[in-house]
Amino acid sequence: MPDLVPLIGEPLAIDLVNTRTAAGDLLATADDLRAWLRRQDGRIPEAPERAAALTDADLAAVRRLRAVTARLLHHARHGTAPDPADLEALHVFQRAAPAITELAWNGTALVAARRRTGSAGDRLVAALAEAAAGLLADPAVTRIRECAADDCVLLFLPAHPRRRWCSPTGCGNRVRVARHYRRHRPG
Ligand SMILES: [Zn+2]
(Lines give C-alpha, C1' and ligand atoms only; values in the text may rest on other atoms or scores of the structure.)
Protein backbone atom coordinates (compact mmCIF):
# COMPACT_ATOMS: atom_id res chain seq x y z
CA MET A 1 0.00 0.00 0.00
CA PRO A 2 1.23 3.53 -0.73
CA ASP A 3 2.25 5.54 2.33
CA LEU A 4 -0.25 7.80 3.98
CA VAL A 5 1.80 10.93 3.38
CA PRO A 6 0.24 13.27 0.85
CA LEU A 7 2.07 13.74 -2.42
CA ILE A 8 2.93 17.43 -2.68
CA GLY A 9 4.46 19.40 -5.52
CA GLU A 10 2.30 18.45 -8.50
CA PRO A 11 0.02 21.16 -9.89
CA LEU A 12 -2.25 22.16 -7.00
CA ALA A 13 -5.40 20.55 -8.45
CA ILE A 14 -3.54 17.22 -8.75
CA ASP A 15 -2.21 17.52 -5.20
CA LEU A 16 -5.80 18.01 -4.06
CA VAL A 17 -7.16 14.98 -5.96
CA ASN A 18 -4.22 12.91 -4.68
CA THR A 19 -5.35 13.36 -1.08
CA ARG A 20 -7.74 10.53 -1.86
CA THR A 21 -5.40 7.52 -2.00
CA ALA A 22 -6.06 3.81 -2.43
CA ALA A 23 -5.12 3.40 1.23
CA GLY A 24 -7.37 6.09 2.62
CA ASP A 25 -8.59 9.66 2.67
CA LEU A 26 -5.92 12.15 3.75
CA LEU A 27 -8.51 14.92 4.16
CA ALA A 28 -10.78 13.14 6.62
CA THR A 29 -10.76 15.90 9.25
CA ALA A 30 -10.28 19.67 9.44
CA ASP A 31 -6.91 18.93 11.10
CA ASP A 32 -5.90 16.90 8.03
CA LEU A 33 -6.79 19.89 5.86
CA ARG A 34 -4.71 22.21 8.05
CA ALA A 35 -1.75 19.80 7.86
CA TRP A 36 -2.09 19.61 4.07
CA LEU A 37 -2.09 23.40 3.79
CA ARG A 38 1.04 23.60 5.98
CA ARG A 39 2.76 21.07 3.72
CA GLN A 40 1.94 23.26 0.73
CA ASP A 41 4.22 25.78 2.42
CA GLY A 42 3.17 29.06 0.88
CA ARG A 43 1.99 27.75 -2.51
CA ILE A 44 -1.57 28.79 -1.65
CA PRO A 45 -1.61 32.47 -0.66
CA GLU A 46 -5.27 32.06 0.35
CA ALA A 47 -4.43 29.44 3.01
CA PRO A 48 -5.59 31.07 6.24
CA GLU A 49 -2.80 32.14 8.58
CA ARG A 50 -4.86 31.14 11.57
CA ALA A 51 -5.59 27.46 11.12
CA ALA A 52 -8.58 27.80 13.45
CA ALA A 53 -10.30 29.87 10.78
CA LEU A 54 -11.15 26.66 8.90
CA THR A 55 -14.36 24.91 9.90
CA ASP A 56 -15.84 21.48 9.26
CA ALA A 57 -18.09 23.12 6.66
CA ASP A 58 -14.96 24.35 4.86
CA LEU A 59 -13.55 20.83 4.93
CA ALA A 60 -16.79 19.52 3.42
CA ALA A 61 -16.56 22.15 0.66
CA VAL A 62 -12.94 21.24 -0.11
CA ARG A 63 -13.90 17.56 -0.29
CA ARG A 64 -16.82 18.33 -2.64
CA LEU A 65 -14.48 20.40 -4.81
CA ARG A 66 -12.00 17.48 -4.79
CA ALA A 67 -14.66 15.08 -6.10
CA VAL A 68 -15.72 17.52 -8.84
CA THR A 69 -12.09 18.16 -9.82
CA ALA A 70 -11.33 14.41 -9.97
CA ARG A 71 -14.25 13.80 -12.35
CA LEU A 72 -13.39 16.80 -14.54
CA LEU A 73 -9.71 15.78 -14.65
CA HIS A 74 -10.66 12.27 -15.72
CA HIS A 75 -12.60 13.64 -18.72
CA ALA A 76 -9.99 16.27 -19.58
CA ARG A 77 -7.18 13.67 -19.53
CA HIS A 78 -9.10 11.38 -21.87
CA GLY A 79 -10.50 14.11 -24.12
CA THR A 80 -14.14 13.32 -23.33
CA ALA A 81 -16.95 15.75 -22.57
CA PRO A 82 -17.44 16.57 -18.89
CA ASP A 83 -20.78 16.60 -17.10
CA PRO A 84 -22.07 20.20 -17.39
CA ALA A 85 -23.22 19.95 -13.75
CA ASP A 86 -19.59 19.42 -12.68
CA LEU A 87 -18.45 22.47 -14.67
CA GLU A 88 -21.17 24.57 -13.08
CA ALA A 89 -20.22 23.23 -9.63
CA LEU A 90 -16.61 24.28 -10.26
CA HIS A 91 -17.75 27.76 -11.26
CA VAL A 92 -19.88 28.07 -8.13
CA PHE A 93 -16.77 27.32 -6.04
CA GLN A 94 -14.80 29.95 -7.98
CA ARG A 95 -17.54 32.54 -7.50
CA ALA A 96 -17.66 31.99 -3.73
CA ALA A 97 -14.78 34.43 -3.31
CA PRO A 98 -13.94 36.26 -6.55
CA ALA A 99 -10.53 37.91 -6.84
CA ILE A 100 -10.33 41.62 -7.55
CA THR A 101 -7.36 43.88 -8.15
CA GLU A 102 -7.39 45.93 -4.96
CA LEU A 103 -5.64 49.32 -5.04
CA ALA A 104 -3.94 51.09 -2.16
CA TRP A 105 -2.23 54.50 -2.06
CA ASN A 106 1.32 54.08 -0.77
CA GLY A 107 2.02 57.83 -0.51
CA THR A 108 3.30 58.29 -4.04
CA ALA A 109 1.42 55.84 -6.22
CA LEU A 110 -1.40 53.33 -6.34
CA VAL A 111 -0.22 49.76 -5.82
CA ALA A 112 -2.27 46.76 -6.86
CA ALA A 113 -2.75 43.43 -5.16
CA ARG A 114 -5.07 40.56 -6.12
CA ARG A 115 -7.43 39.96 -3.21
CA ARG A 116 -10.36 37.65 -2.71
CA THR A 117 -13.38 38.66 -0.72
CA GLY A 118 -15.21 36.22 1.54
CA SER A 119 -14.60 33.99 4.52
CA ALA A 120 -11.29 32.16 5.00
CA GLY A 121 -12.87 28.92 3.81
CA ASP A 122 -14.49 30.52 0.76
CA ARG A 123 -11.21 32.19 -0.24
CA LEU A 124 -9.38 28.88 0.04
CA VAL A 125 -11.96 26.91 -1.92
CA ALA A 126 -12.16 29.60 -4.62
CA ALA A 127 -8.36 29.60 -5.00
CA LEU A 128 -8.27 25.79 -5.28
CA ALA A 129 -11.14 25.84 -7.80
CA GLU A 130 -9.37 28.52 -9.85
CA ALA A 131 -6.20 26.38 -9.90
CA ALA A 132 -8.28 23.43 -11.10
CA ALA A 133 -9.85 25.53 -13.88
CA GLY A 134 -6.39 26.59 -15.03
CA LEU A 135 -5.09 23.02 -15.19
CA LEU A 136 -8.22 21.61 -16.85
CA ALA A 137 -7.87 24.01 -19.80
CA ASP A 138 -4.08 23.55 -20.05
CA PRO A 139 -3.00 21.34 -23.00
CA ALA A 140 -0.61 19.62 -20.56
CA VAL A 141 -3.65 18.01 -18.92
CA THR A 142 -3.51 15.11 -21.40
CA ARG A 143 0.02 14.28 -20.17
CA ILE A 144 -1.18 13.59 -16.62
CA ARG A 145 -0.63 9.95 -15.71
CA GLU A 146 -1.68 7.53 -13.03
CA CYS A 147 1.05 5.83 -10.98
CA ALA A 148 2.10 2.51 -12.54
CA ALA A 149 1.77 0.61 -9.24
CA ASP A 150 -1.33 -1.62 -9.38
CA ASP A 151 -2.59 -0.57 -5.97
CA CYS A 152 -1.92 3.17 -6.33
CA VAL A 153 -4.30 5.69 -7.88
CA LEU A 154 -2.19 8.83 -7.53
CA LEU A 155 -1.84 11.18 -10.49
CA PHE A 156 1.16 13.16 -11.60
CA LEU A 157 2.27 15.42 -14.42
CA PRO A 158 5.60 13.96 -15.56
CA ALA A 159 8.39 16.44 -16.26
CA HIS A 160 10.04 13.75 -18.39
CA PRO A 161 8.21 11.01 -20.29
CA ARG A 162 9.87 8.08 -18.50
CA ARG A 163 8.46 8.83 -15.08
CA ARG A 164 6.22 5.92 -14.03
CA TRP A 165 5.67 6.34 -10.30
CA CYS A 166 3.95 8.90 -8.14
CA SER A 167 7.14 8.80 -6.07
CA PRO A 168 10.41 7.00 -6.85
CA THR A 169 11.11 6.45 -3.15
CA GLY A 170 7.53 5.36 -2.43
CA CYS A 171 5.78 3.26 -5.10
CA GLY A 172 8.86 2.97 -7.34
CA ASN A 173 10.91 1.46 -4.57
CA ARG A 174 8.04 -0.66 -3.23
CA VAL A 175 7.39 -2.28 -6.62
CA ARG A 176 11.12 -2.92 -7.21
CA VAL A 177 11.44 -4.63 -3.83
CA ALA A 178 8.33 -6.77 -4.46
CA ARG A 179 9.70 -7.84 -7.86
CA HIS A 180 13.01 -8.76 -6.29
CA TYR A 181 11.33 -11.00 -3.72
CA ARG A 182 9.17 -12.70 -6.35
CA ARG A 183 12.30 -13.50 -8.43
CA HIS A 184 14.21 -14.87 -5.44
CA ARG A 185 11.42 -16.86 -3.87
CA PRO A 186 12.52 -20.47 -3.27
CA GLY A 187 10.83 -23.10 -5.49
ZN1 LIG B 1 2.09 5.45 -6.52
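The values are calculated or read from the model by the stated rules, or taken from the named source; none is laboratory data. Values in this document were obtained by computation on a predicted structure and should not be read as measured data. FYI the Cβ positions are ideal-geometry reconstructions off the backbone, even for glycines, and counts take in every protein chain you see. Each accessible area value is taken on the protein alone, full model and side chains, heavy atoms only, with ligands, DNA and RNA left out. Shrake-Rupley method; radii C 1.70, N 1.55, O 1.52, S 1.80 Å.
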Express in nm, to one decimal, how much length is gained between A22 and A67 on full extension, taking 0.36 nm for each residue of separation and deducting their alpha carbon distance. 14.7 nm
Out of the trypsin sites (Lys or Arg not before Pro) in region 1-108, which ones are loop residues according to DSSP with at most 12 other C-beta atoms within 10 Å? R50
Calculate the spin-label point distance for A60 paired with R163, positioning each point 7 Å from the Cα along the beta-carbon direction, and give it in nanometres. 3.6 nm
Once neighbouring chains are kept in place and the probe is 1.4 Å, which whole percent of the accessible area of the chain is contributed by carbon and sulfur? 54 percent
Estimated Rh, region 1-84: Kirkwood, alpha-carbon pairs, angstrom: 13.7 Å
Å³ per residue of the Cα convex hull, for the chain? 152 Å³
List the cysteines of the chain that have no other Cys Cβ closer than 4.7 Å: which are they? C171
Would you kindly calculate the mean projected area, averaged across all directions, of the convex hull enclosing the Cα atoms of region 107-187, in square nanometres? 10.3 nm²
For every other residue with a beta carbon closer than 11 angstrom to the beta carbon of L16, add +1 if it is Lys or Arg and -1 if Asp or Glu, then tell me the sum. +1
On a 1.4 Å probe surface of the protein chains, which of W36, W165 comes out largest in accessible area, and what is the full order? W165, W36
Cα centroid distance between region 44-67 and region 133-175, in Å? 25 Å
Rank A120, T21, A133 by how far each Cα sits towards the positive end of the charge dipole of the chain (+1 on Lys, Arg Cβ; -1 on Asp, Glu Cβ) and give me just the farthest. T21
